[in-house]
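**Student:** Following this message is one structure expressed as structure tokens.
Read-outs: derived from the displayed coordinates by stated rules, not from any lab. What you see is a predicted model; the values in this text were computed from it and never measured. Using ideal geometry, Cβ is built from the backbone for each residue, glycine included, and neighbour counts are taken over all protein chains shown.
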Amino acid sequence: MNDTVHTDISKLLGMLQATEKKYDTEKITLAYEYAKELHQGQFRASGEPYISHPIAVAEIVAGLELDTDSICAALLHDAVEDCAEKTSLKEIEKQFGAPVAMLVDGLTKIVTLQVEDKEEAHIETLRKMLLAMSRDIRVIFIKLCDRLHNMRTLAAKPDPKRRMTALETMHVYAPLAHRLGMQRIKLELENLSLQFLDPIGYEEVRQHINDKYGENQNFLEKIQAEVGGRMSENEIHYTLEGRIKSVYSIYKKMYNQNKSFDQIYDFYALRIIVETELECYTALGLIHEMYNSIPGRFKDYISTPKPNMYRSLHTTVIGRDGIPFEVQIRTWDMHHIAEYGVAAHWKYKSGASSKEELDKRLEWIARLIETEDEQRDPDEFMNALKTDIFHDEVFVFTPKGDVFALPNGSNVIDFAYAVHSKVGERMIGGKINGMIVPIDRTLKNGEIVEILTSSSSKGPSRDWLNIVKTSAARSKIRAWFKKEKRSENIVVGKSVVEGEIKKYRKNSTEAQREEIITTISAHYGFNSPDDFYNAIGYGGLMLSKFAKRLQNECERVIKPEVEPTPAPEAIPVPITTKPKNIKSDSGIVVDGEMGCMVKFAKCCNPLPGDSVIGFVTKGFGISIHKLDCPNVIQGRKNTENATRWKEAHWEGAVESGRSNSIYEALLQIYVDDRIGMLADITAALADMRVSILQINVTPRTDSAYVINMKVGCRNIDHYNSIVSRLRGLQGVDNILRGFS
Ligand code: MN
């Protein structure tokens, strides 16, 4: 990606000449010379002359084939801000005309707020961009090109600045590029940001891709030859592109959807570009004839385009070697829109005749501009658009017009607490758009929410703990109960516990119950049973957390009334049962703190008992690696990231395996080809009550196999005991601790 640094525009002019468009190269050359003069003596963080940056941005803009004014504005985009003593917007208008000055003005106004890590700052930046966009969408295209070049050269910046920029790119610029359908820029922005936000994770996935691709190097070529042959037989004019998914898209699936590398079906993708819409469907039919399709993965975005105008047919099929791959089928027109989105309009159409078509295609932007023309409240449309971009948030207003962004699914109570805890505590009802509504009513975008309060309100209700969506509201409600209602909490807590005891033992004496409760409350660190009840009452300690222990205590203290029936025969554990407690609570203490958002690195799959270390991946939680993981050893050599490594260890109960938490462990079992081998292994695991989460058999030679298996495991001792049992089976050559 690293285009060579240069301070002249011969490459730019060459690019423009290669297009079919007419550019005013004289004007562009003048803009370049003026910018060069203004930036004289200024240097980038990398040490290069500053002018190399506007030139690089102009080249990216030229790649989108925007017009002459856009290219001039790209060349001048930093001039007014950085060279205020030498020039002004007025001067630029005089020399290059009002449209260029207007674009430069728009670009100058989008300044990043210097607030670390604040969602607010991101929304504010976005607000400014949307404002600029409503005046002229070219401003956003140029801004995205500017950011793309800054990201490509971000390594030269000092670290805090670097991470802030990467985070902003991930949260503001990439989603915006996505919303505008500019797939190419979006993918590059995401990959570049990830490299700075989670360099280790990035490297991990990249390495996986290399390994996997190395294994099946010819796969895509073979598929292309097969598909191409069939297309030709059917006289379809086609172009094929074989590709591998981007690092970030695979990273997202692995970490956000917690999939293993093998579960990613669309690692390989084949794109078929044809001439007509009809040919798209014909090609799809041929593909489905040639390969088995995976059910539920066919999508027709031609008849139902995505909101960002994307159109294509998608399907996932299985190749002859059993490797799945995704197929995207589209026409050239659809392809241009997919790659360049809204910008495709400038690239592939020109002249006033396409104005109508633009309006049709870019309806939402047209609507936006229209809204401004009609002098409606500008905030209203911006919020509507913001919502489009941040899909997972809902934006609502107070009657005074203040905006609140809440997670999707939030309701009136969440809103009340977001305004202020006092508002939540005194709430007696709510209105949406002027109508009284139930307080658990889910909020929708753009609604005006009014909270009715009364100073005589008795405070929140306990039910609200189960109704609210945001953790902020929940913790505020808990805090209130903790503070205000101790005696009531104790009554509630006590009845919960006694009800639970009754579930296990119908009859019990006061003394027995006291013994049970004293033991348990001491176990959880409470000074008295009342404190224990209080915590249950205000919601600080959930029943689910201590139910199992309570049951054990009941069984220990209170003898059963009837003889228990003999234990049933051991039932083999079915494959793919998810252990109940998997990752509900990580069991990891990072820097002395519990309950951090952690994820377990897929490169080394740490188990309780392994020495571990945490790596702060801004925005993606803390990733936990084994201390001796090669990625850690490599990663720690980079002194710049030194402060991002955090001491981490397992919670005592997890480490010793006393807790019921189950972790994923990977076994790589090298076996001989013998009848019943797999059955013996699964039987041994069932006998040990080990859940098999995933199983995968690959031939190694004619007479040997590798079984890759994911099992549920309590800790490293448990793991070792599983391994030694399996090693004892006839035909097992070796067992390695595998990685996904
Ligand atoms: Mn710039």
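**Student:** Can you work out ³J(HN,Hα) from phi for every residue in segment 288-299, in order, using Karplus 6.51 cos²θ - 1.76 cosθ + 1.60 and θ = phi - 60°, giving whole Hz and x for Gly and Pro?
**Tutor:** Going residue by residue, I get 5, 6, 7, 10, 6, 9, 8, x, x, 10, 8, 9 Hz, with x marking Gly and Pro.
**Student:** Using a Förster radius of 30 Å, what is the FRET efficiency between Glu221 and Phe298 based on their Cβ-Cβ separation? Nearest 0.05, please.
**Tutor:** FRET efficiency, Glu221 to Phe298: 0.75.
**Student:** Right, another one. Once you've got the Cα coordinates, tell me which of Lys222/Lys710; Lys21/Lys161; Lys485/Lys548 are over 29 Å apart.
**Tutor:** Exceeds cut-off: Lys222/Lys710; Lys21/Lys161.
**Student:** Report the full-extension gain for the segment Glu640 to Asp159: residue separation times 0.36 nm, less the Cα-Cα distance, to one decimal in nm.
**Tutor:** The span from Glu640 to Asp159 would gain 172.4 nm if fully extended.
**Student:** With 10 angstrom as the radius, rank Glu289, Glu204 by how many other C-beta atoms surround their C-beta, starting from the fewest.
**Tutor:** Lowest to highest Cβ neighbour count: Glu289, Glu204.
**Student:** Another question, then. Measuring from label point to label point, each 7 Å out along Cα→Cβ, what is the Gln257 to Ala45 span in nm?
**Tutor:** Those two pseudo-labels are separated by 3.4 nm.
**Student:** Would you mind checking Lys400/Lys444; Lys212/Lys646; Lys157/Lys646; Lys503/Lys545; Lys253/Lys602 for any pair whose Cα atoms are more than 20 angstrom apart?
**Tutor:** Table pairs above 20 Å Cα-Cα are Lys212/Lys646; Lys157/Lys646.
**Student:** Fewest Cβ neighbours within 10 Å first, please rank Ser721, Ser232, Ser544 accordingly.
**Tutor:** Result, fewest neighbours first: Ser544, Ser232, Ser721.
**Student:** Using the number of other C-beta atoms within 10 angstrom as an exposure proxy, rank Val449, Val496 with the fewest first.
**Tutor:** So the residues, fewest neighbours to most, are Val496, Val449.
**Student:** Using each residue's phi in segment 264-281, evaluate 6.51 cos²θ - 1.76 cosθ + 1.60 at θ = phi - 60° and report the 3J(HN,Hα) Karplus result to the nearest Hz, with x for Gly and Pro.
**Tutor:** Couplings: 8, 7, 9, 4, 9, 9, 10, 10, 10, 10, 10, 8, 10, 4, 4, 4, 4, 6 Hz.
**Student:** For Lys559 and Glu484 in one chain, what is 0.36 nm times their gap in residues minus the Cα-Cα distance, to one decimal in nm?
**Tutor:** Contour length minus the Cα-Cα distance gives 23.1 nm.
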